[in-house]
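Derivation of every value follows stated rules applied to the coordinates shown; laboratory data play no part. Note that the coordinates shown come from a computational prediction; the quantities given were computed from them, not determined experimentally. Ideal geometry is used to build each Cβ from the backbone, glycine not excepted, and the neighbour counts take in all protein chains shown.
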Amino acid sequence: QVQLVESGGGLVQPGGSLRLSCAASGIRFSIYTTGWYRQAPGKQRELVARFTSGGITNYADSVKGRFTISRDNAKNTVYLQMDSLKPEDTAVYYCNLASYGNVYWGQGTQVTVSS
């Protein structure tokens, strides 16, 4: 079966860093576009970063220059390095794998940025 296991969330002070990981199993990882989404309380889920199977990355304007998405196909893992964190980054972060006709989601990991 397909499983996506997220890790790396937690509580951090403004200006701090976190690195999220999402390890996938049961899929041909290399053919999937991978991404990170987040959902803050009372808000819609939004795309944070995407890394396509072809190696193209894109970011939400709110995180450009602060977040970096990467992936290791050999480890079936996608990462989100988050630097210079702000309180407005507080949300549940979800990893996502997508190909034509198939979409998979991680369980979500809480990121809280607070002093």
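A few points about this structure:
- Cross-link reach is defined here as a Cα-Cα straight distance under 16 Å, omitting same-chain residues fewer than 8 places apart; for K43 the aspartates and glutamates meeting it are E88, D89.
- Close amide-amide hydrogen proximity is noted between G9 and no other residue 5 or more places distant or on a separate chain, at a cut-off under 5 Å (H modeled in the peptide plane; Pro and chain starts excluded).
- Shown in residue order for the stretch 65-77 are the 3J(HN,Hα) couplings computed by the Karplus curve 6.51 cos²θ - 1.76 cosθ + 1.60 at θ = phi - 60°: x, 10, 10, 9, 9, 8, 8, 10, 5, 5, 9, 6, 9 Hz (x for Gly and Pro).
- Formal net charge of residues neighbouring C22 (Cβ-Cβ distance under 12 Å; K, R +1; D, E -1): +1
- Cα centre as origin, Lys/Arg/Asp/Glu Cβ charges: the chain dipole, Debye: 140 debye
- Counted charge near A40, where neighbours are those whose Cβ lies closer than 10 Å (Asp, Glu -1; Lys, Arg +1): 0
- Expressed as a whole percent, the proportion of Cα-Cα pairs in the stretch 19-69 lying more than 16 Å apart is 48%.
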